[in-house]
1. Exactly one of these conditions fails for P100: (1) surrounded by 11 or more Cβ atoms within 10 Å (Cβ to Cβ); (2) modelled with pLDDT of 90 or more; (3) assigned to a loop (DSSP other than H, G, I, E, B). Give me its number.
2. Given I44, I19, which one is in a strand (DSSP E or B) and aliphatic (A, V, I, L, M)?
3. What are the residue pairs meeting all of these: first residue in the stretch 109-130, first residue within 14 Å of L56 (Cβ to Cβ) and in a helix (DSSP H, G or I), second residue open to solvent by 70 Å² or more (accessible area, probe 1.4 Å) and of a type in the set (K, R), Cβ atoms under 8 Å, and 6 or more apart or on different chains?
4. Return yes when L12 is open to solvent by 50 Å² or more (accessible area, probe 1.4 Å) and touching a Pro at 6+ places or on another chain (Cβ under 6 Å) and no when it is not.
5. Of the conditions (1) part of a loop (DSSP other than H, G, I, E, B); (2) modelled with pLDDT of 90 or more; (3) open to solvent by 60 Å² or more (accessible area, probe 1.4 Å), D61 satisfies every one except a single condition; which number is it?
6. Every residue in the stretch 18-45 that is open to solvent by 70 Å² or more (accessible area, probe 1.4 Å) and modelled with pLDDT under 95, please.
7. Tell me yes or no: at least one residue of the stretch 73-88 is at pLDDT 90 or above and in contact with a Lys or Arg (Cβ under 9 Å, 6 or more places away or on another chain).
Amino acid sequence: VAAGSARESARLAALVDRIRTEVPRLVPDVEVIGDPVSRAPHIITFSCLYVEGEALLTELDKAGFAVSSGSSCTASTLRPSHVLEAMGVLTHGNVRVSLPQGASATDVDRFLAVLPDAVRRIREDAGVRS
């Protein structure tokens, strides 16, 4: 069981590494948050400038993705995350992706395909061109 769990953690970490690399390449004005190595293997957090986190969550939910906003420490509140504030990073337009066991490369591909248009639409609705 432990070997299987370690394999799954490594597999999810590789998928998260792909998201960490691709999101800033695909979406302008994005900050990936947290240490690239010393982190939970299945979680990535990033902030999109000029985007309300809740609006992005709604867009991604419509596309079938269950993501969160803020840090896990403040997930149940609408206040900006004190954890992210302490880290000196953007506290709005924040998305936390937690890959479940069994998440596939195809799931990640689809997320990376949907995200740029979702961010663009929200920014355009807000009058921001990126």
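The values are calculated or read from the model by the stated rules, or taken from the named source; none is laboratory data. Not measured: the values here are computed from a predicted model. In this analysis, Cβ positions are derived from the backbone assuming ideal geometry, glycine residues included, and neighbour counts consider all displayed protein chains. Accessible surface is based on the protein model in full, side chains and every heavy atom, while ligands, DNA and RNA are left aside. Shrake-Rupley method; radii C 1.70, N 1.55, O 1.52, S 1.80 Å.
1. P100 satisfies every listed condition except (1).
2. Exactly one of I44, I19 is in a strand (DSSP E or B) and aliphatic (A, V, I, L, M), namely I44.
3. Here the result reads R123/R129, each pair linking the stretch 109-130 to a residue that is open to solvent by 70 Å² or more (accessible area, probe 1.4 Å) and of a type in the set (K, R).
4. no
5. (1)
6. Correct list: D29, D35, P36, V37, S38.
7. Among the residues of the stretch 73-88, not one is at pLDDT 90 or above and in contact with a Lys or Arg (Cβ under 9 Å, 6 or more places away or on another chain), which makes the answer no.
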